[in-house]
Structures are given as C-alpha cells and as structure tokens.
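Asks: Before we start, here is the structure in question, set down as structure tokens.
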Amino acid sequence: RHMPPEMVVRLQSHFQYQHKCSAGKGMSIALPKSLTVKVVNHQYRTTIDKCTGAGKAFAGCSKQFIDEFLIRLKVLHVMGSEELVKKDEIARELYLVVEGAVYMMDDDNRVVRVIRSDVPDMPPYAGLVPFF
C-alpha cells in the first residue's frame with residue numbers, strides 16, 4: 001500500500017541513521033515501537049476497523065490492544081486454491097483477509113461462505129477464535 005510521503009521520509013531517515021551508526025557491523029531492521037505502530041496502523045487499520053463494531057471480534061477493545069495486535073501480525077501471502085485449514089482440524093490462527101477473498105468449502109468442494117476484503121462493514125476474518 002502507498003504510505004504518506006512523510007512516513008516514507010521518516011522510514012528512510014531511520015534506516016539511513018541505523019546504517020550510519022552500524023558502520024558496516026551489521027544492521028538491525030527493527031523500528032522503534034512508535035514508528036512501528038504508525039506503519040501497521042496505516043497498513044491494516046481499515047481492515048481491523050471492520051472487526052471492531054458491536055458484535056464483532058474486536059468490539060470494545062482498547063486502542064492499545066489493537067495496536068499491540070497489529071504489531072504482532074504475521075503477513076501470509078496465499079496462492080489460490082491453497083488450503084489454510086482442513087475440516088475437523090482445530091484452527092489455531094485468526095486470518096484477516098486484507099486483499100482478495102477466502103472461500104470456505106464443504107466436503108463436496110462447494111462454496112459455503114466467501115470472506116472478502118472489499119465488502120464494507122463485513123469483518124474479513126476466518127479461523128477459530130474461542131478467546132473472543
């Protein structure tokens with residue numbers, strides 16, 4: 001996704017400074033937490049906001065909780081027709097659909113549900129979430 005120019009400049013400055021300080025000794029790619037929060041909010045806030053309304057998975061969660069959740073996200077790019085979870089398996093992850101769609105199939109390979117990222121006000125997540 002396109003980042004605002006001021007965020008791009010800040011990221012470039014951070015990495016240039018890290019490179020200068022490391023003087024060829026290797027470089028850490030970690031960002032300060034405040035900058036990480038801004039980046040992940042820019043990248044995923046629209047998606048997560050669809051999950052925060054009444055009756056949705058993140059309803060009532062504090063901004064601090066959402067920020068921590070976003071920081072800990074792991075990006076997974078999935079090719080079409082790849083299985084994320086098979087029937088009767090216990091899903092141990094929560095998948096947020098940021099782009100595209102996920103198709104939930106029955107035993108006869110019929111689509112029983114489609115989770116799309118581009119439907120307004122529809123939470124784009126899949127997986128077993130017993131802690132909600």
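No value in this document is a laboratory result; all are computed from the given coordinates. Small disclaimer: the values here were computed from a predicted structure and weren't measured.
Asks: Taking the Cα atoms of the stretch 86-126 alone, what are Rg (to one decimal) and Dmax (as a whole number) in Å?
Replies: Considering the stretch 86-126 through its Cα atoms, Rg and Dmax are 11.1, 30 Å.
Asks: Out of Y103, Y44, Y17, any idea which swings most in a Gaussian network model of the chain, alpha carbons joined below 10 Å?
Replies: Y17
Asks: Can you pull a Stokes-Einstein diffusion coefficient for the stretch 54-126 at 4 °C (1.567 mPa s), Rh from Kirkwood over Cα pairs, as a whole number of µm²/s?
Replies: After rounding, the answer is 92 µm²/s.
Asks: Here is a follow-up. If the elastic network links every pair of Cα atoms under 10 Å, which of D49, D118, D88 fluctuates the most in the Gaussian network model of the chain?
Replies: Comparing D49, D118, D88 in the GNM, the peak value goes to D88.
Asks: What lysines could a cross-link reach from K38, if we take a straight Cα to Cα line under 23 Å and drop same-chain neighbours fewer than 8 places away?
Replies: Filter leaves K50, K63, K74.
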